[in-house]
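Worksheet: one structure, shown below.
The values are calculated or read from the model by the stated rules, or taken from the named source; none is laboratory data. Note that this is a predicted model, so its numbers are computed, not measured. In this analysis, Cβ positions are derived from the backbone assuming ideal geometry, glycine residues included, and neighbour counts consider all displayed protein chains. Ligands, DNA and RNA are stripped out before the accessible areas are found, and what is left, the full protein with its side chains, is counted by its heavy atoms. Shrake-Rupley method; radii C 1.70, N 1.55, O 1.52, S 1.80 Å.
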Amino acid sequence: MKYSKEDKPERAGGAGAGGRAVPVALLVIVLCAFSFYLGGVYSTGRSLLDSIQPAPTLLALGTTATQQSSALVQPAPSTTATALAAVSFPECPADFQDYTPCTDPRLWRRYGNYRLSFMERHCPPPPERQQCLVPPPKGYKPPIRWPKSKDQCWYRNVPYDWINSQKSNQHWLAKDGDRFRFPGGGTMFPNGVGAYVDAMRALIPGMRDGTVRTALDTGCGVASWGGDLLARGILTVSLAPRDNHEAQVQFALERGIPAILGIISTQRLPFPSAAFDMAHCSRCLIPWTEFGGLYLLEIHRVLRPGGFWVLSGPPINYENRWHGWNTTAQAQKADLDRLKKMLAAMCFKLYNIKGDIAVWQKSPDATACYDKLTPITTPAKCDDSVDPDAAWYVPMRPCVTAPSARYKKLGLNATPKWPQRLTVAPERINVVPGSSAGAFKQDDAKWKLRAKHYKTLLPALGTDKIRNVMDMNTVYGGFAASIIKDPVWVMNVVSSYGPNSLGVVYDRGLIGVNHDWCEAFSTYPRTYDLLHLDGLFTEESHR
């Protein structure tokens with residue numbers, strides 16, 4: 001605003017008026033400067049809190065799922081800000097209580113049956129997207145807190161009786177009054193999941209000394225295997241498809257165990273190459289030897305060099321098990337022979353086998369095995385036309401992803417053991433645009449400071465009140481690393497449209513997925529206690 005002498009009213013006593021003009025002018029200057037400062041703060045998307053506190057860019061802290069709301073940390077509106085109209089959404093119908101938009105069984109009839117591709121992600125077009133709030137089931141109440149939740153959950157929170165009646169003989173879960181209990185049974189866990197994992201650890205010493213940290217469980221059931229491994233220092237992504245009855249992933253997340261909806265079908269899984277130290281299938285009913293071993297090739301892609309693939313169930317130990325598999329011993333033997341041949345051609349070696357459990361190890365480096373593969377061998381060697389880390393709506397390819405010669409420390413035995421690997425800048429950080437070992441260390445230091453401040457804003461963080469956490473826009477997993485000692489697990493999400501740093505997240509011994517936030521996340525409703533954002537809206541503003 002411009003001032004002049006002509007604008008001011010005349011006052012008696014010229015000397016007194018001039019004396020008062022000085023403080024008025026100073027006040028105007030101070031107010032203008034402060035307004036300019038606030039304008040600069042708001043225009044950058046920062047809040048006033050950011051300029052005072054040591055933990056800037058805390059955009060959102062989600063409250064518990066039972067509240068069906070989220071707390072937003074934002075600047076107070078300025079006097080010149082345009083008023084925004086309140087936005088409200090109606091409640092969805094009661095039968096939407098487990099609605100998963102991009103894996104909706106009500107839409108499956110639109111898609112083909114080829115390789116069960118109808119169970120993959122198929123998001124509804126904009127006119128069909130629901131603009132309503134998903135209601136909880138009748139009688140829903142706050143989930144049982146970790147670690148008790150690993151063994152029990154409220155029945156009304158996941159009110160599905162079908163899985164209880166169908167799997168009662170396998171002891172996956174049992175209804176007990178107002179809750180479900182999870183005794184740790186399974187098709188291949190006759191003595192409980194603890195005994196099963198003990199047997200597996202005897203076959204894989206790396207599970208005992210921190211060598212194996214990240215795992216993938218395909219066809220996870222209610223995720224009892226992944227739940228048992230948590231106490232052993234192994235972080236598992238449990239994977240199962242959406243279906244009409246079982247709600248397996250919802251049971252897993254209600255228990256406080258990491259899990260996402262997914263299926264190995266025609267598209268790559270939403271993980272980078274060389275992500276997991278171990279992959280597991282316990283009678284997951286995936287036809288590994290069909291389609292030229294295409295599903296095995298996807299396991300090969302996501303396994304770290306030197307990583308382990310564990311199989312129990314058909315055709316392993318067919319000599320003693322085939323009677324219960326609705327097949328013949330001859331058919332199972334032929335299937336096992338095909339499996340061994342395919343795995344050998346993909347540069348896997350049989351590492352160990354005992355009873356119901358067989359373990360293969362992926363070749364730890366670019367050995368002579370990969371040198372024998374060419375674009376015309378069976379299986380073929382992948383060329384350079386497709387990024388091996390691209391994993392968002394990328395079709396699976398019938399070829400072997402050979403380890404890159406530029407990485408010397410990507411192999412399982414070359415990676416620092418857990419927990420040392422959490423704080424070491426991984427070798428492949430150098431291929432992430434704008435990244436370096438120095439940037440990695442700065443990011444770590446920043447998030448330690450921010451997490452400390454977060455806990456002053458949200459005291460529940462770090463207690464048993466918050467278990468399932470999602471970092472919706474991570475870079476290197478810094479937020480997850482900063483709260484690693486708390487009783488939480490973090491699903492790190494890296495944008496499918498930005499620099500793909502998800503491999504760095506896995507190299508640290510953390511877990512995550514690629515995702516496009518213009519679409520629904522692959523999970524059931526009410527499955528996360530806290531959502532964390534940092535810079536997501538800014539990065540996606542161009543879209």
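Bridging of residue 333 to aspartates and glutamates at a Cα separation below 19 Å is possible for 290, 319, 356, once same-chain residues fewer than 8 apart are set aside. Around the amide H of residue 491, modelled in the peptide plane, lie the amide H atoms of 469, 470, 471, all under 5 Å away and 5 or more residues distant in sequence or on another chain.
Report note on the peptides 146-156, 262-272: ranked by the mean count of other C-beta atoms within 10 Å, highest first, their order is 262-272, 146-156. Once the gyration tensor of the Cα atoms in the stretch 196-289 is diagonalised, the equivalent ellipsoid follows with semi-axes of 22, 16, 13 Å, ordered largest first. Pairs from the table (148/409; 150/417; 372/409; 148/362; 150/349) lying more than 32 angstrom apart at Cα are 148/409; 148/362; 150/349. The stretch 283-317 and the stretch 371-394 have Cα centres lying 17 Å from one another.
Residues whose amide H lies under 5 Å from that of residue 242, counting only those 5 or more places away or on a different chain, are 262; hydrogens are built 1.01 Å from N in the peptide plane.
For the set 337, 384, 471, solvent exposure ranked by accessible area (probe 1.4 Å, protein chains only) runs largest to smallest as 384, 337, 471.
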